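Below is one structure, written out as structure tokens, with a few remarks after it.
The values are calculated or read from the model by the stated rules, or taken from the named source; none is laboratory data. Here the structure is a predicted model, which is why all the values come from computation and not from measurement. FYI the Cβ positions are ideal-geometry reconstructions off the backbone, even for glycines, and counts take in every protein chain you see.
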């Protein structure tokens, strides 16, 4: 069993350049994942001709090449929640930002020349309980009339038409969602950025910046070394999401990195896999400790993800838990070989909202996709670039919203085992009541 992502078999992350070819730039973007690269593309398309992206790892080596490749854009809250936090006008704008993230991803995808296995086969949102199915029905009914046809409610007795399993009480089938090859997608974004003149530098860790009269002096260090050097930047964007290190204490006090785990099975006959997940749709469920899974782009493997443990685990340890979850979902897969097991960080905010803004010293940030990483982070990068360009109307939605600090927290989520135990209890209790 390999302990690297299945996605890397076809698209292993690559290094960029080793050093910037200049000692000053208009904009420095920290983070070469979906958010940072999308921001760089928007900046370059707007005519900014001196954009440098740096990353301590290879291009997209973090969450951007480790996720499940599932495209969704539903927030983990409703309009009433957003209104309570931010008021009716801003709350409505935040919901609109989430709604716009998927169309924007598809629009950006049309500008990319490299294939990344984009399919819009739909997403199955599976109900853990009948109460969850009622909430999914309400979610469908709350959609604008012109979108309601893209959401099909699947009753419990018909769950077999979308999944060969008996563990769910029905589902909502979203026909306007789909999946991609995540590692190919981040590589395609990087190539688009380079074609626009963006320089991508990897193996350099951002250590911070000091503010001057005409911008910032950023301090960079080779990730494996001790030598540091400076780069002058007119503006800086922090797009590190769930990989903020101790050099970014302001972000670490507000972001919760949570490890999510995935496994890939050995290949099986296409017809067998088609019977389990017809149409090669992406799947996610409504539990607190949710499962998310799909087939590989060629349709012959199951890629199964979830929160196997709430303490740091090895890939071998997490594979045991994920195998049990997968076999619970699909008993016919009992004993199937596992070829890959890996993990990556998902980034959450205390309020479950994505945030774009500026720190006290004026440095921009974009953070917290809260489980909607692909579509939302692509869109967040674009919106962050709009803010940096000071475009008319940019100050709306998730831009410049209050980003709450987490009390007694410095970036190490010590409370996750406690929260995880409570969530597991809730999942078991609600299902027991649903008998």
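Out of curiosity, is residue 279 touching a residue at least 12 places away in the same chain (Cβ under 8 Å), under 26 Å from residue 25 (Cα atoms) and surrounded by fewer than 22 Cβ atoms within 10 Å (Cβ to Cβ)? For residue 279, the condition - touching a residue at least 12 places away in the same chain (Cβ under 8 Å), under 26 Å from residue 25 (Cα atoms) and surrounded by fewer than 22 Cβ atoms within 10 Å (Cβ to Cβ) - is not met. Among the residues of the range 306-320, those that are within 22 Å of the chain's Cα centre (by Cα) and either in a loop (DSSP other than H, G, I, E, B) or within 21 Å of residue 418 (Cα to Cα) (or both) comprise 306, 307, 308, 309, 310, 311, 312, 313, 314, 318. Would it be correct to say that residue 59 is under 18 Å from residue 383 (Cα atoms) and either part of a helix (DSSP H, G or I) or at pLDDT 95 or above (or both)? It is false that residue 59 is under 18 Å from residue 383 (Cα atoms) and either part of a helix (DSSP H, G or I) or at pLDDT 95 or above (or both).
Being touching a helix residue (DSSP H, G or I) at 6+ places or on another chain (Cβ under 8 Å) and buried (at least 17 other Cβ atoms within 10 Å of the Cβ) holds for only one residue in 204, 220, 172, 231, and it is 172. Flag: residue 163 matches the condition of being within 30 Å of residue 331 (Cβ to Cβ), touching a residue at least 12 places away in the same chain (Cβ under 8 Å), out of contact with any helix residue (DSSP H, G or I) (no Cβ under 6 Å at 6 or more places or on another chain) and in a loop (DSSP other than H, G, I, E, B).
Take residue 263 and tell me if it is buried (at least 22 other Cβ atoms within 10 Å of the Cβ), touching a helix residue (DSSP H, G or I) at 6+ places or on another chain (Cβ under 6 Å) and modelled with pLDDT of 95 or more. In short, yes. Considering the range 42-77, the residues that are crowded, with 16+ Cβ neighbours inside 10 Å and out of contact with any strand residue (DSSP E or B) (no Cβ under 9 Å at 6 or more places or on another chain) include one that is farthest from residue 9 (Cα to Cα), namely 77.
Inside the range 213-228, residues that are in contact (Cβ under 8 Å) with a residue 12 or more places away in the chain and farther than 26 Å from residue 411 by Cα make up a count of 2.
When the range 175-186 is limited to residues that are part of a helix (DSSP H, G or I) and surrounded by 24 or more Cβ atoms within 10 Å (Cβ to Cβ), the one that is nearest to the chain's Cα centre (by Cα) turns out to be 182. If you go through the range 99-147 and pick out every residue that is assigned to a helix (DSSP H, G or I), in contact with a helix residue (DSSP H, G or I) (Cβ under 6 Å, 6 or more places away or on another chain) and closer than 28 Å to residue 160 by Cα, you end up with 1.
One line per residue, one yes/no per condition, for (1) surrounded by fewer than 17 Cβ atoms within 10 Å (Cβ to Cβ); (2) in contact with a strand residue (DSSP E or B) (Cβ under 8 Å, 6 or more places away or on another chain); (3) touching a residue at least 12 places away in the same chain (Cβ under 8 Å):
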| position | (1), (2), (3) |
| --- | --- |
| 93 | no, no, yes |
| 99 | yes, no, yes |
| 104 | no, no, yes |
| 111 | yes, no, yes |
| 115 | yes, no, yes |
| 123 | no, yes, yes |
| 127 | no, yes, yes |
| 134 | yes, no, no |
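Checking each residue of the range 36-54 against the condition of being touching a residue at least 60 places away in the same chain (Cβ under 8 Å), in a loop (DSSP other than H, G, I, E, B), closer than 21 Å to residue 345 by Cα and under 18 Å from the mean Cα position of the chain (by Cα) gives no match. For the residues 299, 306, 242, the requirement of being modelled with pLDDT under 95, touching a helix residue (DSSP H, G or I) at 6+ places or on another chain (Cβ under 8 Å) and under 30 Å from residue 164 (Cα atoms) singles out 306.
Let's see how each residue does on (1) touching a strand residue (DSSP E or B) at 6+ places or on another chain (Cβ under 9 Å); (2) within 21 Å of residue 7 (Cβ to Cβ); (3) not in a helix (DSSP H, G or I):
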{"residue": "326", "(1), (2), (3)": "yes, yes, no"}
{"residue": "357", "(1), (2), (3)": "yes, no, yes"}
{"residue": "362", "(1), (2), (3)": "yes, no, yes"}
{"residue": "371", "(1), (2), (3)": "yes, yes, yes"}
{"residue": "419", "(1), (2), (3)": "no, no, no"}
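Which count do you get for residues in the range 364-381 that are in contact with a helix residue (DSSP H, G or I) (Cβ under 9 Å, 6 or more places away or on another chain) and either farther than 20 Å from residue 90 by Cα or surrounded by fewer than 24 Cβ atoms within 10 Å (Cβ to Cβ) (or both)? Before the answer, list the steps.
At the first step, the residues of the range 364-381 found to be in contact with a helix residue (DSSP H, G or I) (Cβ under 9 Å, 6 or more places away or on another chain) are 364-370, 372-381.
Still in the list and also either farther than 20 Å from residue 90 by Cα or surrounded by fewer than 24 Cβ atoms within 10 Å (Cβ to Cβ) (or both): 364, 370, 372-375, 378.
Residues in the range 364-381 being in contact with a helix residue (DSSP H, G or I) (Cβ under 9 Å, 6 or more places away or on another chain) and either farther than 20 Å from residue 90 by Cα or surrounded by fewer than 24 Cβ atoms within 10 Å (Cβ to Cβ) (or both): 7 in total.
Restricted to the range 241-274, and to residues there that are in a loop (DSSP other than H, G, I, E, B) and closer than 23 Å to residue 343 by Cβ, the residue that is nearest to the chain's Cα centre (by Cα) is 244. When the residues of the range 407-417 are filtered to those that are assigned to a loop (DSSP other than H, G, I, E, B), over 21 Å from the mean Cα position of the chain (by Cα) and touching a residue at least 24 places away in the same chain (Cβ under 8 Å), the one that is farthest from residue 247 (Cα to Cα) is 409.
When the range 373-397 is examined, which residues are found to be closer than 23 Å to residue 352 by Cβ, outside any helix (DSSP H, G or I) and in contact (Cβ under 8 Å) with a residue 40 or more places away in the chain? 396, 397, listed by residue number.
Would you confirm whether any residue within the range 267-279 is closer than 30 Å to residue 422 by Cα and at pLDDT 95 or above? No, the conditions are met nowhere in the range 267-279.
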